[in-house]
1. How about segment 17-71: which GluC sites (Glu not before Pro) there are in a DSSP loop, with at most 11 other Cβ atoms within 10 Å of their Cβ?
2. May I ask you to order 56-66, 8-18 by the average number of other C-beta atoms within 10 Å around their residues, highest value first?
3. Run the quick spin-label model on MET64 and GLU8: label points 7 Å from Cα toward the beta carbon, then report their separation in nm to one decimal.
4. Among MET14, PRO71, ILE50, whose Cα lies farthest out toward the positive end of the dipole of the chain, if unit charges sit on the beta carbon of Lys, Arg (+1) and Asp, Glu (-1)?
5. Helix 3-12: angle to the longest alpha-carbon principal axis of the chain, degrees 0 to 90, nearest 10?
6. By how many degrees, between 0 and 90 and to the nearest 10, does the Cα long axis of helix 16-34 differ from the longest principal axis of the chain?
7. How big, on average over all directions, is the shadow cast by the Cα convex hull of the chain, in nm²?
Amino acid sequence: MSTRELIEAEIEAMNETQLNELYPIVKQFAEAKKGEPQSFMAKLRSIPKIDAPEDFATNLDLYMSGEKRVP
C-alpha cells in the first residue's frame, strides 16, 4: 500500500469526533509546508508578468518619482 492509501485507511476508520480533533493538526501541517523555502526558479516563476512601457527599466527612477507616467 502507498502512504496515501495507508493514511486514507486510517481516516476511514475514524469517527466524527476523532476527525474534528485531527483536522487542526492536518491544517497546521499544510500551512507550515506552504511556508517552506522555494527554489530560486520557483520564485522566478511566481513573479507576475509586468506590463510596462519599453523604457520602464531604463527610467525606473523617473517612473517611481512620478516624473514619468505610464500611459
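1. On the way: sites: GLU21, GLU31, GLU54, GLU67; in loops: GLU54, GLU67.
Loop-located and lightly packed - GLU54, GLU67.
2. 56-66, 8-18
3. With each label point 7 Å from Cα toward Cβ, the separation is 5.1 nm.
4. Of the listed residues, the answer is PRO71.
5. 60 degrees
6. Once rounded, the angle reads 30 degrees.
7. Projected over every direction and averaged, the Cα hull of the chain covers 9.6 nm².
Bear in mind that the values in this text are calculations on the coordinates, not laboratory data. What you are looking at is a predicted structure, and each value in this text was computed from that prediction instead of being measured. Note that each Cβ is placed from the backbone with ideal geometry, even for glycine, and that neighbours are counted across all protein chains shown.
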